[in-house]
């Protein structure tokens, strides 16, 4: 049984509808989800991350990295059928199939770059919280309550 009631969590939160959808999709995800290509997600610092994907056999022209809203999509296309027919394999153990992998990004996560080194695609990400969104301290005034001011008659 895989039911989980998260309604107590959402009773005291405001405006996190996206989080609710993410949790629902994670809990209902198919166990036969695609596992190709394999990847790692590293935390490099407090606000820095890296996704490393094993993409042996693909060149930088074959891979496309796209960010849209809060989604990072990595796509790769295979060589044309004519190129594949020209090659003759006795054993083919290196997967060279096309793929599309999507990652959901948290708010304020930005992709800063991507590199392809030794068959690993490294995508660097950083969290950039705007100054207006950072925590701030509110001063508490001490003394007699101020009378409300009338702005307009």
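Every number in this text was worked out from the coordinates using simple rules, so none of it is lab data. What you are looking at is a predicted structure, and each value in this text was computed from that prediction instead of being measured. So basically every Cβ, Gly included, is an ideal-geometry build from the backbone, and we count neighbours across all protein chains shown.
Output the relative contact order of segment 33-129, whole-number percent, from Cα pairs under 8 angstrom with separation of 6+ residues.
Numbers: 152 pairs, mean separation 31.6, N = 97.
Here the relative contact order equals 33 percent.
Roughly speaking, what is the stretch gain from residue 150 to residue 86, that is 0.36 nm per residue apart minus the C-alpha to C-alpha distance, in nm to one decimal? Kindly include the intermediate steps, with their values, before the conclusion.
Working: separation 64, 0.36 × 64 = 23.04 nm, distance 8.40 nm.
Length difference between fully extended and current span is 14.6 nm.
Find, to one decimal place in angstroms, the Kirkwood hydrodynamic radius of segment 33-129, where the mean of 1/r is taken over every pair of different Cα atoms and then inverted.
On the way: mean 1/r = 0.0680 Å⁻¹.
Evaluated on segment 33-129, it is 14.7 Å.
Going 7 Å from the Cα of residue 101 in the Cα-to-Cβ direction, what parts of segment 40-56 have a backbone nitrogen less than 14 Å from that spot?
Zone members listed by number: 40-42, 50-56.
Rounded to the nearest 0.05, what FRET efficiency is calculated for residue 70 and residue 118 with R0 set to 30 Å and r the Cβ-Cβ distance?
On the way: r = 30 Å, r/R0 = 1.00.
After rounding to 0.05, the efficiency reads 0.50.
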